[in-house]
1. Could you give every pair whose Cβ atoms fall below 7 Å, whose first residue belongs to segment 113-140 and is among the hydroxyl-bearing types (Ser, Thr, Tyr), and whose second residue is at pLDDT 95 or above, counting only separations of at least 6 or pairs across chains?
2. Of all residues in segment 140-170 being under 22 Å from Arg117 (Cβ atoms) and part of a strand (DSSP E or B), which is nearest to the ligand (Cβ to nearest atom)?
3. Residues of segment 124-139 being within 16 Å of the ligand (Cβ to nearest atom), under 18 Å from Ile178 (Cα atoms) and not in a loop (DSSP other than H, G, I, E, B), which ones?
4. Quick test for you: out of Ala10, Ala23, pick the one residue that is small (Gly, Ala, Ser), away from the ligand (no atom under 16 Å from the Cβ) and within 30 Å of Ser208 (Cα to Cα).
5. All but one of (1) in contact (Cβ under 8 Å) with a residue 40 or more places away in the chain; (2) surrounded by fewer than 19 Cβ atoms within 10 Å (Cβ to Cβ); (3) within 16 Å of the ligand (Cβ to nearest atom) hold for Arg55, so report the exception by its number.
6. Is it the case that some residue within segment 182-198 is within 30 Å of Arg117 (Cα to Cα), assigned to a loop (DSSP other than H, G, I, E, B) and among the small types (Gly, Ala, Ser)?
7. On the given criteria, is Ile178 of a type in the set (Val, Ile, Thr), near the ligand (Cβ under 9 Å from one of its atoms) and modelled with pLDDT of 95 or more?
Amino acid sequence: MKQIHTGDSAREVAGMLLKEMLAAISRRSDSSATVNIALSGGSTPAILFDVWVERFREVTPWERLRLYWVDERCVDSADAASNYRLAKERLLDKVPLDAGQVFRICGECEPEEEVARYAALVLGNLPLCGRIPVFDFVLLGIGEDGHTSSVFPGQEKLLYTLSPYAVSTHPVSGQRRIAMTGEVMVHARHTWFYVTGGNKAGIVRMLSCPDVRDRYPAAYIWQSAERVELFTDIRVVEPV
Ligand code: 6PG
């Protein structure tokens with residue numbers, strides 16, 4: 001299933017996503033089941049976190065949530081580039097989550113060792129589809145170059161590897177990253193893209209073009225995931 005939700009602003013779209021997520025959680029047959037959510041990084045999620053706190057804090061079943069990350073930059077958690085730092089400042093410090101419900105990727109650790117640690121953690125905490133950990137929600141962004149998670153064009157092997165996380169390298173800055181790999185993104189119960197801003201319009205409108213499936217990781221995930229939805233303020237003219 002592929003579905004597109006379009007709004008007029010990043011805030012409106014954030015509200016649509018959060019409403020959908022809470023509705024999906026409430027539809028779960030086991031009303032006490034743990035909900036495992038993987039958060040993306042970059043700057044886009046800031047508004048999502050703000051809207052979550054402002055409009056949905058009181059209606060979110062925080063006690064059921066376990067928060068993980070899609071990816072992290074190999075920097076200290078206090079670094080301005082840290083995805084965890086953004087989430088901590090805009091969400092974690094403002095909602096009733098215990099430390100035991102939040103599983104950050106340690107960007108300050110040796111990358112290969114942290115990949116092994118985090119992969120083992122996720123494999124141990126989550127339900128599995130074969131050897132693939134199944135998140136309830138994987139919330140993804142998209143870079144203008146077509147990357148998602150921290151899987152960049154030219155790093156397609158990270159889309160097919162069986163390891164749930166891998167070390168990647170930003171092609172321009174050379175910054176090392178810890179990245180969720182393709183099989184995990186594809187097999188989530190809900191693979192959701194939250195993409196805002198006119199600068200992303202080009203890539204968003206190409207997501208379902210067959211000939212970019214193997215060029216842009218975001219297109220590969222969009223075309224491969226079983227249940228994938230796009231929440232965006234970009235007017236998508238043709239069906240994506
Ligand atoms: C990261 C991300 C990455 C991000 C896109 C969009 O750590 O950078 O997880 O995939 O979602 O690059 O980034 P912006 O939200 O900053 O445009």
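1. Close Cβ pairs (under 7 Å, with a partner that is at pLDDT 95 or above) amount to Tyr118/Ile105; Tyr118/Tyr165; Tyr118/Ile178.
2. Only one residue tops the list, namely Val151.
3. At the first step, the residues of segment 124-139 found to be within 16 Å of the ligand (Cβ to nearest atom) are 135, 137-139.
Now drop any that are not under 18 Å from Ile178 (Cα atoms), which leaves 135, 138-139.
Val138, Leu139, listed by residue number.
4. Working: Ala10 fails: away from the ligand (no atom under 16 Å from the Cβ).
After ruling out the rest, the residue left standing is Ala23.
5. (3)
6. Keep residues of segment 182-198 that are within 30 Å of Arg117 (Cα to Cα), which gives 182-195.
Retained after the next criterion (residues that are assigned to a loop (DSSP other than H, G, I, E, B)): 187-189.
If we keep only those that are among the small types (Gly, Ala, Ser) as well, we get 188.
Yes.
7. On the way: of a type in the set (Val, Ile, Thr): yes; near the ligand (Cβ under 9 Å from one of its atoms): no; modelled with pLDDT of 95 or more: yes.
So Ile178 fails the test.
Residue-by-condition table, conditions (1) surrounded by 13 or more Cβ atoms within 10 Å (Cβ to Cβ); (2) part of a strand (DSSP E or B); (3) more than 16 Å from the ligand (Cβ to nearest atom):
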residue: Tyr68; (1), (2), (3): yes, yes, no
residue: Ala81; (1), (2), (3): yes, no, no
residue: Pro96; (1), (2), (3): no, no, yes
residue: Arg104; (1), (2), (3): yes, no, no
residue: Gly107; (1), (2), (3): yes, no, no
residue: Glu114; (1), (2), (3): yes, no, no
residue: Tyr118; (1), (2), (3): yes, no, no
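The values are calculated or read from the model by the stated rules, or taken from the named source; none is laboratory data. This structure is a prediction, so every number in the text was calculated from the model and none was measured. Counting neighbours? That spans all protein chains shown, and the Cβs are built from the backbone with ideal geometry, glycine included.
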